[in-house]
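Let me begin by presenting the structure, written as structure tokens, before commenting on it.
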Amino acid sequence: MKAFVAVADAGSVNRAAIMLRLTQPATTRRIQSFEQQFGDAPLFNRAVKPAVLTALGTHVLEHCRRVLAAVAELESCAAKAADPTGDMKAGVAHGLGEMVMTTPLDALRRRFPRARLQVSSDWSTNLIAEVRSGALDCAVGLLTEAHAVPAGLVRVVLGAEQVVIVGPKSAGKRGGRAYRLRDLAERGWFLNPPGCGCRAALVKAFDRLSLPLNVAAEVFGEDLQLSLLARSGGLGLVPRRQFEHSPHRRSLRILNVADFTLPASVALIRRSTPGRFDPAIELLTTELKARMA
């Protein structure tokens with residue numbers, strides 16, 4: 001079952017074998033043995049390269065994740081999880097990597113050296129789904145009111161955040177008067193590609209006013225957006241904390257927009273049931289709260 005999940009996650013037997021610390025033939029034999037339990041119905045479509053999951057394979061994968069998570073929880077109860085061992089999979093929302101990948105993870109590696117960290121990055125909505133499915137042990141997301149945390153998961157708020165509209169220094173304060181979205185309808189925006197929750201909130205606000213949103217460029221990552229805004233003008237949408245720590249902040253300013261606010265929170269998402277990595281996740285939570293403060 002572990003071999004099947006590893007191949008599904010890695011996309012190839014070679015990479016799965018490395019993750020499992022097995023040889024390729026040994027991994028292949030485990031997959032073949034597992035598939036035999038399902039008769040003539042294959043779990044992988046090997047007619048394409050690389051092989052992809054069949055509809056049955058996708059269904060089986062979801063069950064396997066739940067079973068393996070339950071086994072890990074049972075092991076945790078038996079061993080009290082004082083020194084968790086194995087692959088701890090954590091997700092980080094785009095734009096939060098620098099905050100999570102430095103001091104908090106350093107502390108985690110020092111305290112729990114037997115836990116091998118595997119960190120991935122994605123949109124917050126996708127990270128929540130992966131924690132729910134068992135693909136991730138925990139995730140750190142930038143959550144707005146649009147993000148729903150389903151039953152079975154816990155949201156631990158690490159700190160408040162605000163997503164702000166940023167423009168060139170020359171935008172000024174308009175004699176103390178606030179902007180409105182209507183004033184910004186003709187301006188070019190540098191935004192994340194579709195899938196970003198903050199972009200979706202901005203689109204919704206423009207749609208509500210029946211205003212066009214002029215996307216000048218889709219730029220993946222707020223750091224690159226701020227760099228481009230500082231050089232070429234335009235507008236962007238970034239977490240305030242990230243803007244304040246940006247080397248480009250002196251060339252830019254936060255625009256006071258009266259009819260658009262986007263409060264958010266940085267939160268750690270985890271399953272509500274006990275797991276073997278609970279001590280590591282608790283330490284990560286403590287370190288992140290201190291970093292946010």
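Structure summary
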read-out	value
Tally, over the range 180-210, of residues that are open to solvent by 20 Å² or more (accessible area, probe 1.4 Å), farther than 17 Å from Thr144 by Cβ and either outside any loop (DSSP other than H, G, I, E, B) or out of contact with any strand residue (DSSP E or B) (no Cβ under 9 Å at 6 or more places or on another chain) (or both)	6
Test: Arg116 is farther than 30 Å from Asn256 by Cα, part of a helix (DSSP H, G or I) and basic (Lys, Arg)	no
Unmet requirement for Ser120, which otherwise passes all of (1) farther than 21 Å from Leu211 by Cβ; (2) of a type in the set (Ser, Thr, Tyr); (3) touching a residue at least 40 places away in the same chain (Cβ under 8 Å)	(3)
Filter result (touching a residue at least 24 places away in the same chain (Cβ under 8 Å), open to solvent by less than 60 Å² (accessible area, probe 1.4 Å) and closer than 17 Å to His94 by Cα) within the range 211-228	Val219, Gly221, Glu222, Gln225, Leu226
Residues being part of a helix (DSSP H, G or I), without any contact (Cβ under 8 Å) to a residue 60 or more places away in the chain and closer than 20 Å to Gly134 by Cβ - total across the range 8-37	8
Hits in the range 262-288 (condition: under 30 Å from Leu211 (Cβ atoms) and either at pLDDT 90 or above or surrounded by 18 or more Cβ atoms within 10 Å (Cβ to Cβ) (or both))	Leu262, Ala264, Ser265, Val266
Failed item, numbered, when Arg231 is tested on (1) at pLDDT below 90; (2) surrounded by 15 or more Cβ atoms within 10 Å (Cβ to Cβ); (3) out of contact with any strand residue (DSSP E or B) (no Cβ under 8 Å at 6 or more places or on another chain)	(2)
Top-ranked residue of the range 46-78 - restricted to ones that are at pLDDT below 85 and open to solvent by less than 60 Å² (accessible area, probe 1.4 Å), ranked as farthest from Val5 (Cα to Cα)	Ser76
Residue within the range 239-259 that is assigned to a strand (DSSP E or B), modelled with pLDDT under 90, closer than 20 Å to Gly141 by Cα and open to solvent by less than 40 Å² (accessible area, probe 1.4 Å) present	yes
Number of positions in the range 38-64 that are of a type in the set (Val, Ile, Thr) and part of a helix (DSSP H, G or I)	2
Subset of the range 94-104 (residues that are in contact (Cβ under 8 Å) with a residue 60 or more places away in the chain, among the aliphatic types (A, V, I, L, M) and not in a loop (DSSP other than H, G, I, E, B))	Met99, Val100
Unmet criterion (only one of (1) within 17 Å of Val257 (Cα to Cα); (2) in contact with a Pro (Cβ under 6 Å, 6 or more places away or on another chain)) for Arg180	(2)
Single residue of Gly11, Gly39 found to be over 26 Å from Gly86 (Cα atoms) and either more than 25 Å from the chain's Cα centre (by Cα) or at pLDDT 85 or above (or both)	Gly39
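The values are calculated or read from the model by the stated rules, or taken from the named source; none is laboratory data. It should be emphasised that the depicted structure is a prediction, and the values quoted were computed from it without experimental measurement. All Cβ positions, glycine included, derive from the backbone under ideal geometry; neighbour counts span all protein chains shown. What goes into the accessible areas is simple: the full protein's heavy atoms, side chains included, and nothing from ligands, DNA or RNA. Shrake-Rupley method; radii C 1.70, N 1.55, O 1.52, S 1.80 Å.
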